[in-house]
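Note sheet for the following structure.
The values are calculated or read from the model by the stated rules, or taken from the named source; none is laboratory data. Only a predicted model underlies this, so the values are computations on that prediction, with no experimental measurement involved. Cβ placement follows ideal geometry from the backbone for every residue including glycine, while neighbour counts extend to all protein chains displayed. Protein only, heavy atoms only, side chains kept; ligands, DNA and RNA dropped before computing areas. Shrake-Rupley method; radii C 1.70, N 1.55, O 1.52, S 1.80 Å.
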Amino acid sequence: MRVHPRSQLCSGRDVPSHNLYARLTSVLVVFGACLAMTLLVSAQAGPASGTPRRAAAESPLQVRIVPAALADSSWLDTEAAAQKAAAASWSVFHGFQFTDRRAQSGITFHNHVVADAAKDYKAVHYDHGNGVAVADVDGDGRLDLYFTSQVGGNELWRNLGHGRFQNITASAGVGVPGKVSVTASFADIDNDGDEDLYVTTVRGGNMLFENDGHGHFRDITSSSGLGYVGHASGAVFFDYDHDGRLDLFLATVGRYTTNTIGGVGYKYYVGFEDAFAGHTMPDRAEQSVLYHNEGGNHFVDVSSKMGIQDMSWTGDASVIDGNDDGWPDLYVLNMQGDDQYYENVGGTHFERKSRAVFPRTSWGAMGIKSFDVNNDGKMDIFITDMHSDMAEQIDPSHEHEKSHMTWPVSFRGDGSTSIWGNSLFVKDAPDTYHEASDAMGTENYWPWGPSVGDLNADGFDDVFIGSGMSYPFRYAVNSVKLNNHGQGFLDAEFVLGVEPRAGGVVVPWFNLDATGKDRNHPNAVGATGPVRVDGARSTRSAAIFDIDGDGDLDIVTNDFNTAPMVLVSDLSAKTTIHYLEVKLTGTTSNRDGLGAVVKVTAGGSTYTKVMDGNTGYLSHGVMPLYFGLGQATTVDRIVVTWPSGKTQTVNAPAINTTVHVTEPAN
């Protein structure tokens, strides 16, 4: 439990505890107001070449940084020095760096947010942001990127090779303008060999696009049955009944918006002022949906029939095989309450076994990834908890501790089934886990979700955690957790150059007319004329894959209300790496091989991965599975267990290659 000084106003301890929402806003909204003691900078420098000078009577642009403390990022130097000093004793390889190569990549995408996450900020779920999806959309063997945005439309970027990308949104037909998008998932829903695209939105109607195999898409929403209208979030494709067709679990948050239309130049549904307390109001619950793929690109709602009628406030979910019976089970996150675990009974129905298998779960669960932490062949589960961290504002020295939960029991429950922070469920046996987040060092602050990959190619999967809240809160670092040979995780974001970010911690957030229409805005107090409000940078989602084809793993993010990062690794230039990529093609099973278990044996070790399509918070894609092999110079075998139940062995594949494994027809 962490307890440390803070001001009375920002702590909310001057607000009567009987007024629930007032107490919540003491941390979230009143805190934001208290942070509005801003730094005022007069941007009166001379105009750029070729730009007319302002008229003498025109007020100069003023820049206000919210909170003012963002102007001083020297604390990052202290954090960096401490982390680098600790790294001197590490035995895991860390002599490589990530560099943001977005400018060189050609990617010009910029995430834009609705007013409820900016100028009219309130504690509403728009601040949960947007995802990024990854797949080879045109069959050229390179992984392409699809970024979603709340305002201005989404963008599809074709991978040209060598770290360069081209915007093909217009020709692909997947911009989705005029809707507040949340995330997207690629999946081959019709088993024709190309990746189709599903996009979720906030009350704008979800959209399904069929790929023609060349990166051009056709809107087939109206006939698909997937045009859900509501507060949609993550979309998880999996074949729950092993009929060879991909089904879909759609995660929905809950009703956090009013029917009032807002926006200037765009439209969105304005959020409830008390949206953050929506989970305490049963009439605002919104059921997530399980869809069955009937074939012919048509889906039907089978939630009731299959026993999954989940009312959690969920942003995402993951497929796991909790009881190791070969049937895909479903772990459903709850961002304000207990997570739920649904066990698949032979594809006939699901049984809820939540507390029996997971007695305590992260109270504010936001992101999830199942992977083999310690290379024992069993799939563990890592869950990030954003909302527990919102209960208090802390200094960086306490960021690796569980939250000191300050909210009342009426809001957050009695805690008997809750973990106030990230959780790591290490698997011991079928349906048997032990929680090891603190022992393994997986805590961080304001996390959205984990993206997993072997960043140093040593055979143990590492974790990147996109983090931070942005305006009106302070900056929080993105975390990199290097896997210490399965014994725990080492904080390495400063060591590896992920932090501090290129370009600093502050970005422009919104503009005000302090003399005119915005004169009553809290950030306009004491100003005249035009004001630009700057806020903290933060990352919502990410994906890890080899962007430039050099054999090591890179990281692409979708940052909130700003440009993404394209973090390119120089690992292959700093050391000799050994790896293997496995690209699956199902025949009896679904074409993407989702649900397949792949084991690679090399150098006396066996590495296990499951093809689940989960690449990060709100991020889903279809990518080859990457196996770092440490010092091994040859590979003994690849063993694939397909969803159909077939087992296939590939002997002695070449190292440092992508091996294409096609399921045998018989």
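A few comments on the model shown:
- Flag if V137 is touching a helix residue (DSSP H, G or I) at 6+ places or on another chain (Cβ under 8 Å), open to solvent by less than 10 Å² (accessible area, probe 1.4 Å) and either free of Cβ contacts under 8 Å to residues at least 12 places away in the same chain or of a type outside the set (D, E) (or both): yes
- Residue match in the stretch 572-579 (condition: out of contact with any helix residue (DSSP H, G or I) (no Cβ under 9 Å at 6 or more places or on another chain), within 22 Å of G106 (Cβ to Cβ) and surrounded by fewer than 20 Cβ atoms within 10 Å (Cβ to Cβ)): yes
- Here the condition is being of a type in the set (D, E) and under 17 Å from V622 (Cα atoms); of D194, D219, D283, D241, it holds for D194 alone.
- Restricted to the stretch 373-397, and to residues there that are closer than 18 Å to H434 by Cβ and in contact with a Lys or Arg (Cβ under 7 Å, 6 or more places away or on another chain), the residue that is surrounded by the fewest Cβ atoms within 10 Å (Cβ to Cβ) is K378.
- A Cβ distance below 8 Å, combined with a sequence gap of six or more or placement on separate chains, defines the contacts here; from the stretch 501-512, residues that are touching a residue at least 60 places away in the same chain (Cβ under 8 Å) reach residues that are surrounded by fewer than 19 Cβ atoms within 10 Å (Cβ to Cβ) and of a type in the set (S, T, Y) in the pairs A502/T99; G504/S73; V505/S73.
- Any hit, the stretch 412-419, residues being in a strand (DSSP E or B) and over 29 Å from V622 (Cα atoms): yes
Condition check ((1) of a type outside the set (F, W, Y); (2) without any contact (Cβ under 8 Å) to a residue 60 or more places away in the chain; (3) within 25 Å of R591 (Cα to Cα)) across all residues:
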{"position": "D190", "(1), (2), (3)": "yes, no, yes"}
{"position": "Y198", "(1), (2), (3)": "no, yes, yes"}
{"position": "D212", "(1), (2), (3)": "yes, yes, yes"}
{"position": "G215", "(1), (2), (3)": "yes, no, yes"}
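- Where strands (runs of 3 or more DSSP E) fall wholly inside the stretch 449-535, the ranges with 2 or more residues that are touching a Pro at 6+ places or on another chain (Cβ under 9 Å) and closer than 30 Å to Q631 by Cα are 462-467, 479-483.
Results for (1) over 26 Å from the mean Cα position of the chain (by Cα); (2) aliphatic (A, V, I, L, M); (3) open to solvent by 10 Å² or more (accessible area, probe 1.4 Å), shown as yes or no for each residue.
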| position | (1), (2), (3) |
| --- | --- |
| H521 | yes, no, yes |
| S538 | no, no, no |
| D559 | no, no, no |
| T562 | no, no, yes |
| V566 | no, yes, no |
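- Out of S223, S233, one residue alone is open to solvent by 10 Å² or more (accessible area, probe 1.4 Å) and farther than 17 Å from N191 by Cα. It is S223.
- Restricting G466, G441, G551 to those that are under 22 Å from the mean Cα position of the chain (by Cα) and open to solvent by less than 10 Å² (accessible area, probe 1.4 Å) reduces the list to G466.
- Looking across the stretch 183-208, the residues that are over 18 Å from Y268 (Cβ atoms), out of contact with any Lys or Arg (no Cβ under 7 Å at 6 or more places or on another chain) and either open to solvent by 10 Å² or more (accessible area, probe 1.4 Å) or hydroxyl-bearing (S, T, Y) (or both) come down to S185, D190, D192, D194, E195, Y198.
- Any hit, the stretch 643-651, residues being more than 21 Å from F371 (Cα to Cα), open to solvent by 40 Å² or more (accessible area, probe 1.4 Å) and among the aliphatic types (A, V, I, L, M): no
- In the set (1) over 26 Å from F382 (Cβ atoms); (2) in contact with a Phe, Trp or Tyr (Cβ under 8 Å, 6 or more places away or on another chain); (3) open to solvent by 10 Å² or more (accessible area, probe 1.4 Å), the condition left unmet by K599 is number (1).
- Residue within the stretch 356-375 that is over 22 Å from the mean Cα position of the chain (by Cα) and of a type in the set (S, T, Y) present: no
- Hey, R474 open to solvent by 10 Å² or more (accessible area, probe 1.4 Å), closer than 19 Å to I555 by Cβ and of a type in the set (K, R) or not: no
- Within the stretch 312-324, the set of residues being over 23 Å from A391 (Cα atoms) and touching a Gly at 6+ places or on another chain (Cβ under 8 Å) comprises A317, V319.
- Residue in the stretch 86-108 that is open to solvent by 40 Å² or more (accessible area, probe 1.4 Å), more than 20 Å from I555 (Cα to Cα), of a type in the set (S, T, N, Q) and without any contact (Cβ under 8 Å) to a residue 12 or more places away in the chain present: yes
- Residue in the stretch 579-602 that is farthest from the chain's Cα centre (by Cα), counting only those that are part of a loop (DSSP other than H, G, I, E, B) and hydrophobic (A, V, I, L, M, F, W, C): A596
- Which listed residue, of S388, S451, is among the hydroxyl-bearing types (S, T, Y) and within 30 Å of M281 (Cα to Cα): S388
- Strands (runs of 3 or more DSSP E) completely within the stretch 136-197 that count 3 or more residues being touching a Phe, Trp or Tyr at 6+ places or on another chain (Cβ under 8 Å) and more than 19 Å from L250 (Cβ to Cβ): 144-147, 155-161, 164-167
- Condition met for Y121 (open to solvent by 10 Å² or more (accessible area, probe 1.4 Å) and modelled with pLDDT of 95 or more): yes
- T606 vs. criteria assigned to a loop (DSSP other than H, G, I, E, B), among the hydroxyl-bearing types (S, T, Y) and surrounded by fewer than 24 Cβ atoms within 10 Å (Cβ to Cβ): no
- Search result, residues across the stretch 220-271 that are of a type outside the set (G, A, S) and in contact with a helix residue (DSSP H, G or I) (Cβ under 7 Å, 6 or more places away or on another chain): V253, R255, Y256, V270
- Looking only at residues in the stretch 145-182 that are basic (K, R) and surrounded by fewer than 24 Cβ atoms within 10 Å (Cβ to Cβ), the one that is farthest from I261 (Cα to Cα) is R164.
- Residue tally, condition part of a strand (DSSP E or B) and open to solvent by less than 10 Å² (accessible area, probe 1.4 Å), over the stretch 427-438: 1
- Subset of the stretch 69-122 (residues that are among the basic types (K, R) and over 23 Å from the mean Cα position of the chain (by Cα)): K84, K119
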